[in-house]
């Protein structure tokens with residue numbers, strides 16, 4: 001049988017850890033969006049040099065596991081004389097990973113904006129900055145939205161790995177409780193519950209967001 | 001020199017190539033202020049390319065494009081400024097799908113020309129009313145028919161107060177019953193003295209509106225005549241054959257001899273609904 005007393009006693013620890021998970025995920029998603037957008041623009045406008053650097057970054061980021069990236073930041077960099085806090089490591093790691101996925105989603109959106117749309121913008125005298133802001137990006141965003149939402153959910157889930165750099169997130173708390181009390185079922189049960197409680201509303205919100213925006217697009 | 005006599009648009013020896021294939025091979029023509037110039041020619045002759053060169057959507061290899069006495073084809077030309085004076089309407093309308101009709105029309109005046117919002121809005125609404133679409137100003141492009149979209153696209157270009165309008169086969173993508181509503185708008189503009197270059201395959205319309213007709217074959221001007229002259233009695237053999245090809249009856253062996261029986265003017269019959 002489940003040890004309800006244990007669950008009741010340890011629940012606050014999960015709530016606190018959930019706060020950290022959410023804070024990390026929120027910051028990671030926000031920074032990933034910014035980084036991804038900048039990368040996608042560099043690719044879209046074919047900025048010399050930068051676009052090659054971006055392409056290399058995307059390949060590197062997408063083809064290495066977050067676990068290895070975090071290990072490198074947390075255990076590797078100090079050997080090179082760079083000491084970062086757990087929080088900074090986790091945030092950099094998450095952004096490094098998420099940035100490339102967001103970049104690909106934005107790029108897909110930008111690529112979907114037809115040449116005719118760009119020419120229509122040019123024909124009323126728009127320059128590239130105004131064109132990006134008023135014509136290309138709004139349309140690209142609508143196309144990219146489902147991808148951006150999926151990546152955000154993915155990043156929230158990926159935060160579960162930051163416990164390896166000693167950040168007390170949900171996963172960290174569960175592992176600690178198992179190690180201390182051997183209440184494996186309760187600890188893991190609460191962990192699953194916590195993630196579901198966080199992710200279900202997020203998924204619902206994203207879905208309604210996508211539905212809402214779907215009507216604002218296409219059908220030239 | 002007399003300012004009045006200076007053509008609004010002058011093109012001299014325009015050459016445009018795609019790789020090695022020439023699209024325009026030394027095109028020269030001039031367009032006087034207030035003229036409606038119709039550009040005709042077989043498919044792929046370079047008509048659309050010519051329009052696209054005039055507002056810088058295609059880079060040219062050599063030649064000059066002179067607008068209001070100013071050479072706009074210089075390497076250092078500010079195309080964004082030129083395009084504010086040269087309105088373009090495309091075959092596929094190309095309205096911005098994420099904006100309402102009114103926002104489509106106002107984007108240029110507000111974000112490019114930085115005009116006063118109330119004033120620009122008054123003009124936009126006035127123009128929309130003129131093409132009969134004021135009640136649709138809050139709709140999105142997807143809610144409009146093809147003909148309505150094209151009328152909005154015309155208004156979008158007009159609201160920039162251009163000196164010159166370019167129409168690139170603007171009815172080619174429309175269902176036949178919507179062609180008229182768009183052509184009427186263009187005809188109305190011509191009447192008000194808007195200078196325009198029109199690429200079209202609607203022969204009845206071309207004949208009705210053309211102050212001047214420019215017939216292009218293989219990237220070069222084959223004939224440049226008064227509209228009246230061109231449609232009644234074209235000077236060149238190829239133009240004559242081209243016009244005849246729009247007339248169903250005349251497509252029999254007569255064509256081979258080339259000479260349309262004199263007195264029988266090739267009045268083209270097309271699906272166009274003018275008149």
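What follows draws every value from the coordinates through simple rules; no lab data is involved. Keep in mind that what you see is a predicted model, and the values were worked out from it rather than measured. Every residue, glycine as well, gets a Cβ built from its backbone with ideal geometry; the counts of neighbours run over all protein chains shown.
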- prompt: Out of B:14, B:107, B:158, any idea which swings most in a Gaussian network model of chain B, alpha carbons joined below 10 Å?
  reply: B:107
query: Per residue of B:89-100, how many C-beta atoms from partner chains lie within 10 Å of its own C-beta, taken as a mean?
result: 5
field: Most mobile of A:150, A:130, A:13 in a GNM of chain A (Cα contacts under 10 Å)
entry: A:130
statement: When chain A is treated as a Gaussian network with springs between alpha carbons less than 10 Å apart, the largest mean-square fluctuation among A:86, A:100, A:208 is found at A:208
query: Which whole number gives the average, over all residues in A:131-138, of C-beta atoms from other chains lying within 10 Å of the residue C-beta?
result: 3
Compactness of the protein assembly as shown - radius of gyration and Dmax, Cα, Å: 31.4, 108
message: Quick check: Cα centre of the stretch B:73-96 to Cα centre of the stretch A:155-213, how many Å?
response: 53 Å
field: the stretch B:195-225 versus the stretch B:19-65: alpha-carbon centroid distance in Å
entry: 12 Å
- prompt: Using a simple spin-label model with points 7 Å from Cα along the Cα→Cβ vector, what separation in nm is obtained for residue A:30 and residue B:12?
  reply: 6.0 nm
- request: Nearest 5 is fine: what % of DSSP beta bridges in the protein assembly as shown come out antiparallel, could you say?
  value: 55 percent
statement: Ranked on Cβ counts within 10 Å of their own Cβ, fewest leading, B:93, A:195, A:182 go A:182, A:195, B:93
- prompt: In peptide A:111-123, how many Cβ atoms from other protein chains are near each Cβ within 10 Å, on average?
  reply: 5
query: Roughly what angle does helix B:176-191 make with the longest principal axis of chain B, taking Cα atoms, 0 to 90 degrees, to the nearest 10?
result: 80 degrees
